[in-house]
Amino acid sequence: MRTLLSRRWRSVIGERLPRACALWAVILHRFAASGIVTTGAVRQLELMETDKSLRKHLIELLDGGHAHASFDDVIADFPPKLRGEKPAGLPHSAWMLLEHMRIAQWDILDFSRTPKYKTLKWPEEHWPKSPSPPNAVAWDKSVRSFHRDLGAMRKLVNDAKTDLFAKIPWGEGQTILREAMLVADHNSHHLGQLIDVRRLLGIWK
Ligand code: NI
């Protein structure tokens with residue numbers, strides 16, 4: 001069907017409006033129904049809204065804390081003298097879990113963005129050698145690195161130029177979508193263990 005708008009204006013509506021709010025979806029649907037804009041432009045808008053929504057959900061998943069305690073809730077006020085303690089019956093201290101989370105997250109981020117990515121050796125390069133941190137500076141450094149790498153993963157996911165579904169060229173079928181979910185999943189798993197450690201040490205609220 002011939003539309004009432006010129007090709008130029010149809011392309012402006014098709015390309016620029018998708019960046020505007022979802023209300024345009026409703027308005028454009030009306031326009032499409034009356035033939036003012038093409039259904040292709042509406043489809044493009046819907047795809048962009050879906051893409052935006054998926055990125056938003058992934059960021060929420062990475063941030064955690066919606067259905068359980070957040071990283072900061074568990075780590076922030078961890079008493080220095082208990083950071084190397086393995087509670088009876090559990091295999092890990094808080095330091096071991098914190099470092100393992102940091103390393104794994106770094107590893108996944110590194111794989112996601114580095115063509116020359118090199119696999120870490122399991123398990124020796126995934127866990128710290130000692131159950132206790134060498135000092136409080138090392139603990140703080142690990143926490144800061146964790147935040148920095150999580151921020152980098154969020155940025156990668158939030159970047160409209162990142163194709164969440166494209167196969168990572170140096171991988172074996174993995175996508176950024178999969179890697180972001182893996183980070184969130186791995187963090188959530190070990191955060192639960194950290195809460196158990198705190199509970200058994202008598203320092204969980
Ligand atoms: Ni793990």
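What follows is calculated from the coordinates using simple rules that are stated; it is not laboratory data. All values derive from a computational prediction rather than experimental measurement. All Cβ positions, glycine included, derive from the backbone under ideal geometry; neighbour counts span all protein chains shown.
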Hz values of 3J(HN,Hα) by residue in region 104-114 - Karplus curve (6.51, -1.76, 1.60), Gly and Pro given as x:
5, 5, 4, 4, 5, 5, 4, 4, 5, 10, 10
Derived scalar couplings ³J(HN,Hα) [region 146-159; Karplus, 6.51 cos²θ - 1.76 cosθ + 1.60; whole Hz; x for Gly, Pro]:
4, 4, 4, 5, 5, x, 5, 5, 4, 4, 4, 5, 7, 6
In the neighborhood of N135, defined by Cβ-to-Cβ distances under 13 Å, what is the net charge if each Lys or Arg adds +1 and each Asp or Glu adds -1?
+2
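Compute the FRET efficiency between D140 and E46 as 1/(1 + (r/R0)^6), taking r as their Cβ-Cβ distance and R0 = 35 Å, and round to the nearest 0.05. It would help to have the intermediate numbers written out before the result.
Numbers: r = 46 Å, r/R0 = 1.30.
Step by step, r from the Cβ atoms, then E = 0.15.
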Residue farthest toward the positive end of the dipole of the chain, with Cβ of Lys/Arg at +1 and Asp/Glu at -1: which of H190, H68, A22?
A22
Dipole size in debye (nearest 20) for region 68-201 around its Cα centre, Lys and Arg Cβ +1, Asp and Glu Cβ -1?
260 debye
Sequence order, region 71-83: Karplus ³J(HN,Hα) from phi using 6.51 cos²θ - 1.76 cosθ + 1.60, θ = phi - 60°, Hz rounded, Gly and Pro as x, gives 3, 5, 4, 8, 9, 3, 10, 5, x, x, 6, 9, 5
Where a ≥ b ≥ c are root eigenvalues of the Cα gyration tensor, a/c under 1.5 meaning rounded, otherwise prolate if a/b exceeds b/c and oblate otherwise, region 120-176 counts as oblate
